[in-house]
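Only one structure is covered here, and it is reproduced in the block below.
Just so it is clear, none of the values below were taken in a lab; they were calculated from the coordinates. All of these numbers come straight from a predicted model, not from anything done at the bench. Cβ coordinates were reconstructed from backbone atoms using ideal geometry, including for glycine residues, and neighbour counts include every protein chain displayed.
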């Protein structure tokens, strides 16, 4: 782990932006392979802009929900650079894409092509979180399990960043292998990925330190995931019921 705060921030940010860049590049490649055209194709540029703008706003907003103490300091005029939230980036990106599609009058589903790029971006970004150690708020609580790691404070902790990388790779792999069976319902693979990630974060954040506890002792991110699942769940169910029964065989 990186002990110096400035170096940790630089490395962490580098991996985050690398994850975004690699994800966008993979998305463009998959779109081109599917015959959807490049950025000059009508609507494609708007989708990318909506994705990046929505993700940029969402990741800051949900971070400030997670850390209302930071939000209060910003409102008081203190200069700070807020952190980021993958949950906020995903939800904000979803809203940004849907808004861009509405403005450009697109009806085709674009989500399925984003599953692998999103998974790649999350995994690369979490490498930065892991290397940042105690300078990042993504480590887990203390544990006596043999794979617990000391991030620099003398305590063996859950390496929740590594857990997440494994889970995201598994989800993306399963969805990729089932892509032909899910194909009859465009957008279903993305909905499954997003819902799976939100559920994962709702659970895994239960073994992370809670900077500011909300109702029920849950963190701001956990409440965001729970509310998003309540809203998104019916949409996922409606899409899943349109899938032919043979897809489950």
Choice from 97, 62, 167 showing the highest fluctuation, given a GNM over the chain with Cα pairs closer than 10 Å:
167
Would you mind computing, in nm to one decimal, how far apart the modelled labels at residue 78 and residue 180 are, each placed 7 Å from Cα along Cα→Cβ?
5.7 nm
Per the 1/(1 + (r/R0)^6) rule, R0 = 35 Å and r from the Cβ atoms of residue 245 and residue 57, FRET efficiency to 0.05 is 0.30
Using only Cα atoms and rounding to the nearest 10 degrees, what angle (0 to 90) does helix 160-177 make with the longest principal axis of the chain?
10 degrees
Using only Cα atoms, find the angle between the long axis of helix 44-66 and the longest principal axis of the chain, and express it within 0 to 90 degrees, rounded to the nearest 10.
30 degrees
Translational D (Stokes-Einstein, µm²/s) of the chain at 37 °C and 0.692 mPa s when Rh comes from the Kirkwood sum over C-alpha pairs?
171 µm²/s
Which of 52, 202, 235 fluctuates most in a GNM of the chain (C-alpha springs under 10 Å)? That residue is 235
Pick from 110, 144, 160: which is most flexible by mean-square fluctuation in a GNM of the chain where alpha carbon atoms under 10 Å apart are linked?
144
What is the spin-label model distance, in nm, from residue 231 to residue 5 if the labels are put 7 Å beyond Cα along the C-beta direction?
3.4 nm
Take the alpha carbon atoms of segment 165-202, find their center, do the same for segment 63-89, and report the distance between the two centers in whole angstrom.
29 Å
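Give me the compactness ratio for segment 72-192, meaning the Cα radius of gyration over 2.2 N^0.38 Å. The partial results should precede the final answer.
Values: Rg = 18.4 Å, N = 121, 2.2 N^0.38 = 13.6 Å.
That ratio works out to 1.35.
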Run the quick spin-label model on residue 32 and residue 144: label points 7 Å from Cα toward the beta carbon, then report their separation in nm to one decimal.
5.5 nm
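What Kirkwood hydrodynamic radius, in Å, does segment 151-245 give when the mean of 1/r is taken over all pairs of distinct Cα atoms and then inverted?
15.1 Å
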